[in-house]
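Trainee: I'd like to ask some things about the structure below.
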């Protein structure tokens, strides 16, 4: 049976969603004379709006049909998005009501949506935007009176947003995280896995067995074309250190066998409906350790909480320094800028995984120990964001990093890349 998205697209029915903006990424084309013509990828964690608040809470809690959860990507210019939505500015953590129609029904901003299935968000339903209404941002003051229709949507969205707070029983778990990290063995090497446009690294012993993972990503539907064959893990249920709650860093929870059963150490962040369902499932089994602390050191691992702009998932996550058996260090940033972690680093790294799949970043690149080191860019060729950025690659190279890619690039074949020993 098809999802509610596929059914709407097939029969021409409007699709209504309550949506949390989780990511807005400019797709920069330097050849455009008019910079405002550059498009932006707006990505939302959403839930079917045709339900009551109680039904929505049950869906998010894992007590009702998961297929009413969906991820949505809208591609348009920043100027047009403001016009459509009525929002003066857009930022992560804003909530919207969005109505979509089948592609071809009418002109509109292109959109792609995917409901949650057995293996995650894998379907890709092409749609157009019929209507977007800005509702509120997390942390807003109490609402002013509005019309009945908007007020009803806003009340539903507020109930959903309240249900998406990080699980209370998993907050302030620094001590438990420190114990978990302290029991880890120093890895022989780190593999940056070829998972297309996503992030998934594993710390390995000398026999290739997994000790822990850094992120657990797999491409979501609109980057599915970049995927490789799914990794087959040697060891199941080992710990996962999640840099932040973006789907290209955690989608393997649904898609890759062996990731859902381990302990997950994550930053405490605001979540959308689909991400909160994952957090709820982990917390219910005491497998979620939420970290708020600035730094956590245990065994071969040091976690550093990035202190970027509040509400920005990329810049408020965890960076990870891992010491290998050889004594060399690997720095893993997730999608955060290097400047957010530079003052807190104990040593300069010998190896790094390039931040944000090689996208543009603010500030400068961290320098390699000894003036030279190896950097791996985890990226899928042909992805929808234009990663990697040529400016970012030049910045890394100029800082002394020798760059490798997990995708086919510069004559090299795609595949996992090893850092160490």
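The values are calculated or read from the model by the stated rules, or taken from the named source; none is laboratory data. Just so you know, these numbers come straight off a predicted model, no measurement behind them. Every residue, glycine among them, receives a Cβ derived from its backbone with ideal geometry; neighbour counts consider all protein chains shown.
Trainee: Restricting to segment 200-226, count the residues that are surrounded by 24 or more Cβ atoms within 10 Å (Cβ to Cβ) and in contact with a strand residue (DSSP E or B) (Cβ under 8 Å, 6 or more places away or on another chain).
Mentor: 11
Trainee: Where residues in segment 61-74 are without any contact (Cβ under 8 Å) to a residue 60 or more places away in the chain and surrounded by fewer than 18 Cβ atoms within 10 Å (Cβ to Cβ), which of them is nearest to residue 123 (Cα to Cα)?
Mentor: To start, the set of residues in segment 61-74 that are without any contact (Cβ under 8 Å) to a residue 60 or more places away in the chain comprises 63-65, 72, 74.
Retained after the next criterion (residues that are surrounded by fewer than 18 Cβ atoms within 10 Å (Cβ to Cβ)): 63-65.
Details: 63: 22, 64: 20, 65: 16 Å.
Restricting to residues being without any contact (Cβ under 8 Å) to a residue 60 or more places away in the chain and surrounded by fewer than 18 Cβ atoms within 10 Å (Cβ to Cβ), the top hit is 65.
Trainee: When you look at residue 62, is it over 20 Å from the mean Cα position of the chain (by Cα), under 28 Å from residue 217 (Cα atoms) and either part of a loop (DSSP other than H, G, I, E, B) or assigned by TED's automatic domain parsing to the domain that holds residue 267 (or both), yes or no? Write out each step before concluding.
Mentor: Values: over 20 Å from the mean Cα position of the chain (by Cα): yes; under 28 Å from residue 217 (Cα atoms): yes; either part of a loop (DSSP other than H, G, I, E, B) or assigned by TED's automatic domain parsing to the domain that holds residue 267 (or both): yes.
Yes: the conditions hold for residue 62.
Trainee: May I pose another question? Across segment 75-87, which residue is surrounded by the most Cβ atoms within 10 Å (Cβ to Cβ) among those that are touching a helix residue (DSSP H, G or I) at 6+ places or on another chain (Cβ under 8 Å) and over 26 Å from residue 163 (Cα atoms)? Full working, then the answer.
Mentor: From segment 75-87, those touching a helix residue (DSSP H, G or I) at 6+ places or on another chain (Cβ under 8 Å) are 76-79, 87; that's our starting set.
Pick out the ones that are also over 26 Å from residue 163 (Cα atoms) and you get 76-79.
Details: 76: 20, 77: 17, 78: 16, 79: 11.
Per the stated criteria, the residue is 76.
Trainee: Okay, moving on. Quick one: which of 287, 277 is surrounded by fewer than 20 Cβ atoms within 10 Å (Cβ to Cβ), in contact with a strand residue (DSSP E or B) (Cβ under 8 Å, 6 or more places away or on another chain) and over 27 Å from residue 342 (Cα atoms)? Steps first, please.
Mentor: Values: 277 fails: surrounded by fewer than 20 Cβ atoms within 10 Å (Cβ to Cβ).
So the residue among 287, 277 that is surrounded by fewer than 20 Cβ atoms within 10 Å (Cβ to Cβ), in contact with a strand residue (DSSP E or B) (Cβ under 8 Å, 6 or more places away or on another chain) and over 27 Å from residue 342 (Cα atoms) is 287.
Trainee: Step by step: first the residues of segment 181-199, then only those that are touching a strand residue (DSSP E or B) at 6+ places or on another chain (Cβ under 7 Å) and closer than 30 Å to residue 121 by Cα, then the one that is surrounded by the fewest Cβ atoms within 10 Å (Cβ to Cβ). Which residue is that? Please lay out each step first, then the result.
Mentor: Residues of segment 181-199 that are touching a strand residue (DSSP E or B) at 6+ places or on another chain (Cβ under 7 Å), as a first pass: 181-182, 184-193.
From the residues that got through so far, the ones that are closer than 30 Å to residue 121 by Cα too are 190-193.
Working: 190: 25, 191: 23, 192: 27, 193: 26.
The extreme case among them is 191.
Trainee: Give the residue, chosen from 127, 153, that is more than 26 Å from the chain's Cα centre (by Cα), closer than 20 Å to residue 68 by Cβ and outside any loop (DSSP other than H, G, I, E, B).
Mentor: Values: 127 fails: more than 26 Å from the chain's Cα centre (by Cα).
It is 153.
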